[in-house]
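The structure under discussion appears below in the form of structure tokens.
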Amino acid sequence: MGKRVVNGGFWKPGRGKKLLLLVAVIAAAIRGLNWYDQASAEAPEVVGPPIEYDHLSSEIEEPYISFGIPPVRDEELYAVKQFPDVRSCLVRAEQSKDRPDLRQIDWSRMNTKFDIKVCMFRIFSSYQTPIRVKQWFISQKLTGVSQDEYQGKTELLHSVRAYNYPRKTNNVYVSPRGVGRQIKLKLIYVEEFKVIWSADNSIFATTYESSSL
């Protein structure tokens, strides 16, 4: 009997076990990396004192809108369902508190830009004022925080925006866990976070955008 040929080569005894062992080791390493990133994101380090808020916002009281209209895209509708109120955007340790710290957003669950947009809407609806929103951006270690006013199509709008530069901070806010995090750290040059208010001081839109070089 000759040696069995597999894929044009000679199959050596024990090679299959070695390959399975290698796959198991790689899978374990990836799980470990995912766990580490998730654990570090579960309790984010924030800076500054707690920020006062007006109330705890929810979809029932303040339905999510984007540029003045309700969500229509499936991804956005799913995010609204995943985060029906401001508590659901926070780390577990804060969710059941009478006065949760709204700085403690659970970044490990911000897997898409729609998750970020919805949770910013919940948090900023609770804060109510641009000053508190600016404080929140700073608490998340974002930079370039600024406030602007400009003329919209029908009314005067005002906004607050902030930025993250992953290559400088070694941190990315969207999909921060596991291998995907490492890829995004290499690809993303800047993340921009923004909230826009209408003339009546209600939130008109929250936006998250990222760009690469």
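The values are calculated or read from the model by the stated rules, or taken from the named source; none is laboratory data. A quick note: this is a predicted structure, and the numbers were derived from the prediction, not measured. Glycine gets a Cβ as well: all are built from the backbone with ideal geometry, and neighbour counts include every protein chain shown.
In the list Leu213, Leu185, which residue meets the criterion of being at pLDDT below 95 and either within 29 Å of Thr129 (Cβ to Cβ) or not in a helix (DSSP H, G or I) (or both)?
Leu213
For the subset of segment 154-170 comprising residues that are surrounded by fewer than 17 Cβ atoms within 10 Å (Cβ to Cβ) and of a type in the set (S, T, N, Q), which member is farthest from Ile203 (Cα to Cα)?
Asn170
Suppose the filter is modelled with pLDDT of 95 or more, aromatic (Phe, Trp, Tyr) and over 18 Å from Ser211 (Cβ atoms); does Phe137 pass it?
Against the criterion (modelled with pLDDT of 95 or more, aromatic (Phe, Trp, Tyr) and over 18 Å from Ser211 (Cβ atoms)), Phe137 qualifies.
For segment 98-153, which residues satisfy the criterion of being buried (at least 18 other Cβ atoms within 10 Å of the Cβ) and among the β-branched types (Val, Ile, Thr)?
Ile105, Ile116, Val118, Ile123, Val133
Would you pick out the residues in segment 99-139 that are under 15 Å from Val174 (Cβ atoms) and not in a helix (DSSP H, G or I)?
Ile105, Asp106, Met110, Asn111, Thr112
In this structure, does Gln151 turn out to be among the polar types (S, T, N, Q), modelled with pLDDT under 95 and farther than 18 Å from Tyr64 by Cβ?
yes
Collect the residues in segment 171-206 that are surrounded by fewer than 18 Cβ atoms within 10 Å (Cβ to Cβ), within 22 Å of Asp54 (Cα to Cα) and not small (Gly, Ala, Ser), keeping them in residue-number order.
Those that are surrounded by fewer than 18 Cβ atoms within 10 Å (Cβ to Cβ), within 22 Å of Asp54 (Cα to Cα) and not small (Gly, Ala, Ser): Asp200, Asn201.
So which pairs qualify, if the first residue must be in segment 111-124 and over 18 Å from Gln135 (Cβ atoms), the second must be among the aliphatic types (A, V, I, L, M) and assigned to a helix (DSSP H, G or I), the Cβ gap must be under 8 Å, and the two must be at least 6 apart or on different chains?
Thr112/Ala79; Phe114/Ala79; Asp115/Ala79; Lys117/Ala79; Val118/Ala79; Val118/Val80
Condition first: aromatic (Phe, Trp, Tyr), surrounded by 15 or more Cβ atoms within 10 Å (Cβ to Cβ) and at pLDDT 90 or above. Can you find one or more residues in segment 73-85 that meet it?
Scanning segment 73-85 turns up at least one residue that is aromatic (Phe, Trp, Tyr), surrounded by 15 or more Cβ atoms within 10 Å (Cβ to Cβ) and at pLDDT 90 or above.
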